[in-house]
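Only one structure is covered here, and it is reproduced in the block below.
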Amino acid sequence: MSMDKETVRKVASLARLRVTEEELDKFAPQLSGILEWIEQLGELDTSNVEPLSNVVDIAPVSRQDEINDGNIQSAILANAPEAQSGYFTVPKIIEQADN
Amino acid sequence: MTELTHLTIKSAIESLEKKEFSSAELVQAHIDATEKARHLNAFITETPEIALEQAKASDARRAKGEAGPLDGIPLAIKDMYCTKGVRTTAASNILHNFVPPYESTVTDKLFNAGAVMIGKSNTDEFAMGTTTESSAFGNTINPWKRKGDNTDLIPGGSSGGSAAAVAARMAMGGTGTDTGGSIRQPAAMCGIAGIRPTYGRCSRWGIIAYASSFDQAGVLARTVEDCALLLQNMSGFDPKDSTSADIPVPDFPAATRTGDVKGLKVGVPKEFRVEGMPEIIEKNWQKGAQWLKDQGAEVVDISLPHTKYALPAYYILVPSEASSNLARFDGVRYGLREHDDPETLLDMYERTRASGFGDETKRRIMLGTFTLSAGYYDAYYVKAQRVRRLIQQDFLKAFEKVDVILTPPTPSAAYPIGENDDDPIAMYLNDVFTVPLNLAGLPGMSVPSILTPEGLPLGLQVIGKPWDEATVLKTARAIERAAGFNAMPSSVQTGAA
């Protein structure tokens, strides 16, 4: 299938990407071309093939559910664009009630 | 001291041990080379102070008889590896100011073995590419040029920074990551060797995630034995990565020392003979098969019938995983934030991601978001997972008959910068020979073989059974011995790199 501008706009919004009209004009044909190209997989009958998600013959292991670090609040916050009183801060999103 | 930059890791370690020179001298020679070749833009961040400090510490360890297996050896570290206290960007504007508070497991192991970091090498943004052109910090230039032609060429990618640094003698080896060919392809285009081990051989912990079921650490160096030595000191189980394998790591350098391929069965897959492939690529491939035959190997025609579906399956699965992995970049906890008067939190997310990511990253995020979205998930994502199994079965079936598979790593030599701009599919086709084994999680290596008539290097690719990097290295060593490839970029020869 091809991806028209509206589909790309919707996908971009799902992916939290702001796109301009000019970008939509550029991305829509590119993404359509890629989709049409990958659709050649339709030539293959895969009805009896199990999907593959783990490529190696080794089952992933789980570690013990034990706390093995801590007291690293400042290291965690060191890269924060904005931090205050030990918290990440974000723009205010709750409007004050008028009444 | 320029000759110090031409040594192999193996011989440099022997000389360091014999006190013929110090690590400080060795590292300084590479720092000087890095300064001279800065126009290649192989590094996003050069770290000469750290390198000299590490070199001094290395010399002190050696004086006390406590040197590790890589002690004092200068390496380029791909900027996908988190390095504690040293900016790590994934070549993306969205991480332009990110300083990791921790060290990746692989770099930690390398530093524990004594390795020295010359700098953080350039890559395509988030390792998404085959040319190192999509870096937010500018493209890397291949140290090789066509004969009598000064046009700048791509170094391959995504580990193009490490490849260019090693080829131009700025580092003795480099780390790479290989999701679809990002080690083997730039190694081939820069005339050096590079290996991607089996998925799970090295820990992915602390490597910035791109497509988690494909990503694997690996190395680039100028000889097969040097690759083996580096890989030895990166591999092994890590409790912090549940997909790293808790199985013994073989002696990789030992495998390269014999290089004995007598009786080895080498498969040549007919499906890799693609339409429009330049004659020189075919000739190089046949030469490789003959070199192995001459050393006692048996060359067998094999079939990997689903090869042509590898790329389209890859370009569904990888963008899908990438779109999930890159969802974490939201401008809240680290990295870039666009915060001039955001109207809402959503507005901040969207503007941050719009200005933080480059075009190729955005394309892959959108493609992956689409193929994972309700109504399309089964038709695209699950379908591609089924094709992935067919491709893996092709390889496993072939490996019932042969020990290794020999193919070209690239459909062409290095080409001019900008040639595939705005044609994503043409760009993706560069990966036609490298991607299939990534779908199956297999180890693969590129080793330099010949020069084209234009004077550019080509390589050969050896693909191995799961966990059998040793046979891959051994076969590559046999090719290396027969090829006797000792060409280097003319800029390096004249010392004007």
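The values are calculated or read from the model by the stated rules, or taken from the named source; none is laboratory data. Since the model is a prediction, treat every value here as computed from it, not as a measurement. Note: ideal-geometry Cβ built from the backbone for every residue, glycine included; neighbour counts use all protein chains shown. The accessibility values were calculated without ligands, DNA or RNA, using every heavy atom of the protein model including side chains. Shrake-Rupley method; radii C 1.70, N 1.55, O 1.52, S 1.80 Å.
Observations on the model:
- Given charges at Cβ of Lys, Arg, Asp, Glu: the protein assembly as shown dipole, positive-most of B:Gly441, B:Met488, B:Met80: B:Met488
- Approximate shape of chain A as ellipsoid semi-axes (Cα gyration tensor, √5λ), whole Å, largest first: 39, 32, 13
- When each of the peptides B:114-123, B:34-43, B:133-142 is scored by how many other beta carbons lie within 10 Å of its residues on average, the order from highest to lowest is B:114-123, B:133-142, B:34-43.
- Beta bridges assigned by DSSP with both partners in the protein assembly as shown are antiparallel in approximately 70 percent of cases.
- Local electrostatic count, B:Ser104, Cβ distance below 13 Å [Lys/Arg +1, Asp/Glu -1]: 0
- The residues of segment B:399-444 occluded by other protein chains by 20 Å² or more of accessible area, set against the chain on its own, are B:Asp422, B:Pro424, B:Ile425, B:Tyr428; surface from heavy atoms, 1.4 Å probe.
- Around the amide H of B:Gly176, modelled in the peptide plane, lie the amide H atoms of B:Gly218, B:Val219, B:Leu220, all under 5 Å away and 5 or more residues distant in sequence or on another chain.
- Within 10 Å of each Cβ in A:32-45, the average number of Cβ atoms from other chains: 6
- Nearest-10 value in Å² for the accessible area of A:Asp69, using the 1.4 Å probe: 110 Å²
- Per DSSP, loop GluC sites (Glu not before Pro) in chain A with at most 15 further Cβ within 10 Å: A:Glu66, A:Glu82, A:Glu95
- Enclosing the Cα atoms of chain B in their convex hull gives a volume equal to 140 cubic angstrom per residue.
- When peptides B:155-164, B:85-94 are sorted by average Cβ neighbour count within 10 Å, with the highest value leading, the order is B:155-164, B:85-94.
- Separation of alpha-carbon centers, segment B:429-497 and segment B:352-379, rounded to whole Å: 33 Å
- Dipole of the protein assembly as shown computed with +1 at Lys/Arg Cβ and -1 at Asp/Glu Cβ about the Cα centre; of B:Ile207, B:Phe21, B:Thr352, farthest Cα towards the positive end is B:Phe21.
- Ligands, DNA and RNA aside, B:Glu103 has an accessible area near 40 Å² when probed at 1.4 Å.
- The apolar share of the surface of segment B:377-497, taken as the fraction of accessible area on carbon and sulfur atoms (1.4 Å probe, ligands and nucleic acids excluded), comes to 48 percent.
- Overall, the protein assembly as shown carries a charge dipole of about 1500 debye about its Cα centre when +1 sits on the Cβ of Lys and Arg and -1 on the Cβ of Asp and Glu, all other atoms neutral.
- Sequence of B:Tyr380, B:Tyr349 when ordered by accessible area, the most exposed leading, probe 1.4 angstrom: B:Tyr349, B:Tyr380
- Scattering profile of segment B:321-466 at q = 0.15, 0.16 Å⁻¹ [log10 I(q)/I(0), Debye over alpha-carbon scatterers]: -1.01, -1.07
- Relative packing of peptides B:350-361, B:201-212 - highest average C-beta neighbours within 10 Å first: B:201-212, B:350-361
- Summed over both chains, the area buried between A and B is near 5500 Å², taken from the accessible surface of protein heavy atoms with a 1.4 Å probe.
- Lysines with Cα under 16 Å of B:Lys78, excluding same-chain neighbours fewer than 8 positions away: B:Lys109, B:Lys120
- Efficiency of FRET between B:Arg273 and B:Asp251 - r from beta-carbon atoms, R0 45 angstrom, step 0.05: 0.80
- Averaged over B:313-319, number of beta-carbon atoms from partner chains that fall within 10 Å: 3
- Theoretical ellipticity at 222 nm over chain B - DSSP helices of four or more residues, -39500 (n - 2.57) apiece, nearest 500: -11000 deg cm²/dmol
- All Cα pairs of the protein assembly as shown, percent lying beyond 32 Å: 45 percent
- List of segment A:61-85 residues, accessible area with partners at least 40 Å² below that of the chain alone (1.4 Å probe): A:Val61, A:Asn79, A:Pro81, A:Glu82
- Expected 222 nm ellipticity per residue - DSSP helices of 4 or more, -39500 (n - 2.57), all of chain A, to 500: -10000 deg cm²/dmol
- Number of partner chain Cβ atoms within 10 Å, mean per residue of B:367-377: 4
- The alpha-carbon of B:Lys401 sits under 18 angstrom from the alpha-carbons of these lysines, leaving out residues fewer than 8 places away in its chain: B:Lys262, B:Lys265, B:Lys270, B:Lys293, B:Lys465.
- J(HN,Hα) series, segment B:375-385, from Karplus relation 6.51 cos²θ - 1.76 cosθ + 1.60, nearest Hz, glycine and proline x: x, 10, 3, 5, 5, 10, 5, 5, 4, 5, 5
- The protein assembly as shown, accessible area per residue, ligands and nucleic acids excluded (1.4 Å, Å²): 39 Å²
- If R0 is taken as 41 Å, the Cβ-Cβ distance between B:Glu3 and B:Asp421 corresponds to a FRET efficiency of 0.55.
- Less than 5 angstrom separates the built amide H of B:Thr452 from those of B:Leu458, all sequence-distant by 5 or more or on a different chain.
- Sparse packing (at most 15 other Cβ atoms within 10 Å of the Cβ) combined with a DSSP loop state is found for the following trypsin sites (Lys or Arg not before Pro) in segment B:357-408: B:Lys401.
- List A:Met3, B:Met427, ordered by accessible area with a 1.4 Å probe, largest first: B:Met427, A:Met3
- A probe of 1.4 angstrom, applied to the heavy atoms of all protein chains, finds B:Asp403 with accessible area near 50 square angstrom.
- Loop-resident trypsin sites (Lys or Arg not before Pro) (DSSP state other than H, G, I, E or B) in segment B:136-188 with no more than 13 further Cβ atoms inside 10 Å of their Cβ: B:Lys147.
- Heavy-atom accessible area with a 1.4 Å probe sorts B:Asp149, B:Asp226, A:Asp45, largest first, into A:Asp45, B:Asp149, B:Asp226.
- Spherically averaged projected area of the convex hull of Cα atoms, segment B:289-354: 8.6 nm².
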